[in-house]
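Report on the following structure.
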Amino acid sequence: MNKYELLLIIKNAISDEEKQAVCDKVESIINANGAVESTDKWGTRKYAYPIDYTTEGYYVLWTFSAQATVPAELENFVKISENCVRSMIIRK
């Protein structure tokens, strides 16, 4: 199992319940083939530049261990989800 970090930016305009639903879905994808070590919710932050005519997003950082197939599954989820703005997955 490899160690990874995922930084996800969620749209700030959605409700807190919808933000939590996105976080729960990400954690379920990770837990299917790995384990979440920590979740750090940074909250609302300003972007360095406007993205889709918005200037703020909700940032969440996960540290986890998982099999090599999990990052691809997470990227697919981010592409499909309309509430995710950007993501970055790195292998530690």
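Search segment 1-29 for residues being closer than 15 Å to residue 84 by Cβ and assigned to a strand (DSSP E or B), and hand back the single one that is nearest to the chain's Cα centre (by Cα). Taking the candidates together, the pick is 8.
Across segment 40-49, not a single residue is classified as surrounded by fewer than 17 Cβ atoms within 10 Å (Cβ to Cβ), in a helix (DSSP H, G or I) and in contact with a strand residue (DSSP E or B) (Cβ under 8 Å, 6 or more places away or on another chain). Within segment 1-27, residues that are touching a residue at least 24 places away in the same chain (Cβ under 8 Å) reach partners that are surrounded by 13 or more Cβ atoms within 10 Å (Cβ to Cβ) and charged (D, E, K, R) with beta carbons closer than 7 Å, at six or more positions or on different chains, in the pairs 9/86; 10/19; 12/56.
Can you pull out every residue in segment 50-84 that is assigned to a strand (DSSP E or B), among the aliphatic types (A, V, I, L, M) and within 25 Å of residue 2 (Cα to Cα)? 60, 61, 66 - these are the residues of segment 50-84 that are assigned to a strand (DSSP E or B), among the aliphatic types (A, V, I, L, M) and within 25 Å of residue 2 (Cα to Cα). Listed conditions (1) at pLDDT below 95; (2) buried (at least 16 other Cβ atoms within 10 Å of the Cβ) are all met by residue 32, apart from (2). In this structure, residue 53 does not qualify as hydroxyl-bearing (Ser, Thr, Tyr) and surrounded by 15 or more Cβ atoms within 10 Å (Cβ to Cβ).
The values are calculated or read from the model by the stated rules, or taken from the named source; none is laboratory data. What you are looking at is a predicted structure, and each value in this text was computed from that prediction instead of being measured. We place every Cβ from the backbone using ideal geometry, glycine too, and count neighbours over all the protein chains shown.
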